[in-house]
1. Considering only 178, 262, 243, whose Cα is most displaced toward the positive end of the charge dipole of the chain, charges sitting on Cβ of Lys, Arg (+1) and Asp, Glu (-1)?
2. Given the peptides 120-130, 209-219, arrange them by the average over their residues of other C-beta atoms within 10 Å, most packed first.
3. Relative to the Cα centre, what is the charge dipole magnitude of the chain, using +1 at the beta carbon of each Lys and Arg, -1 at the beta carbon of each Asp and Glu, and rounding to the nearest 20 debye?
4. Counting helices only, and only those DSSP H runs with n ≥ 4, report the 222 nm mean residue ellipticity of the chain as the sum of -39,500 (n - 2.57) divided by its residues, in deg cm²/dmol to the nearest 500.
5. Label the stretch 140-188 by shape, choosing from rounded, prolate and oblate, from the square roots a ≥ b ≥ c of the eigenvalues of the Cα gyration tensor; if a/c is under 1.5 it is rounded, and otherwise prolate applies when a/b is larger than b/c, oblate when it is not.
6. Where does helix 79-110 land angle-wise versus the long Cα axis of the chain, in degrees 0 to 90, nearest 10?
7. Ignoring ligands, DNA and RNA, what percent of the 1.4 Å accessible area of the stretch 90-219 is carbon and sulfur?
8. Using Cα pairs closer than 8 Å and at least 6 residues apart in sequence, work out the relative contact order for the stretch 93-199, in percent.
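The values are calculated or read from the model by the stated rules, or taken from the named source; none is laboratory data. None of these values were measured; they are calculated from a predicted model. Please note: Cβ atoms are built from the backbone with ideal geometry, for glycine as well, and neighbour counts cover all protein chains shown. Heads up: the accessible areas ignore ligands, DNA and RNA and are worked out on the full protein's heavy atoms, side chains in. Shrake-Rupley method; radii C 1.70, N 1.55, O 1.52, S 1.80 Å.
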Amino acid sequence: MSDQISADARPLPAPPRNYGAINWIGLWTLYKREVGRFLKVWMQTLFAPVITTLLFMTVFKLAFGNRGELTGDFAGLDYNAFLAPGLIIMSMLQNAFQNTSSSLTIAKVQGSQVDFLMPPLSPLELTLGFIFGAVTRGIMVGVIGGLAIHFSGLASLNIAMIWPIIWFSLMATIFLAALGAIAGIWAEKFDHLAAITNFVIVPLTFLSGTFYDIKVLVEPFQTAAHFDPIFYLIDGFRAGFIGVSNTALSTGVITTAGFTLASCVWVWWLFRTGYKLKS
């Protein structure tokens, strides 16, 4: 009888958890992990990019003053007002890329990728967690950098249209976060990641109209610039501040949406197959 009573008094095992279509708890935890990772070293991840942006603005302002002349679509506009949005989104692009690429590369080098592969997270949830952690870093760098430029007096940032700023900010950070995830999964060591950053990402961002109107380029470089998706990101984002763009904003919206979707699907496929993540 006592055995029967003690058996009945034992707690019943907890039923298996039902996560539904999306494991929101796991997704939120991964997102917080990615955000917390760069916030722990905020001097390096948030403050340093803003200082770099301010230095760029200061150097160009000292070099050109009010003598910078724009031609073509941007004729008559102040060069500093033209330059500032390009520098802001360039820092957003680079930091979104660095966040996912460094996170995944470090995990592979240290062998800690099991921390996010073992929990019940689907490939879609892994994709969203890593990408939106990087998007948060990119947006924070952009907001802080924009405020620093405006209130330092280096350039006057007046918003002409709000929707291009929001759209191209999101597309820029999502797209580069996805490219960073692809690079981080592919790279086997930091040398590989540095090669992609130095020979692909940096040239594409610097040669996409950040510092100049692409119409000053001679052929075939002017035509080649239109095949660079980062050009549309910078051009559309800048249009939100100065109201003028090299190309139709509708073209930029369609182009950036297509490249962003394709890159996110690529990241999802890499997580689904376990490419270079699972033995």
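1. In the chain, that residue is 178.
2. 120-130, 209-219
3. My answer is approximately 540 debye.
4. Computed mean residue ellipticity for the chain: -22500 deg cm²/dmol.
5. In terms of gyration-tensor shape, oblate.
6. It works out to around 30 degrees.
7. Answer for the stretch 90-219: carbon and sulfur cover 72 percent of the accessible area.
8. About 53 percent, as a whole number.
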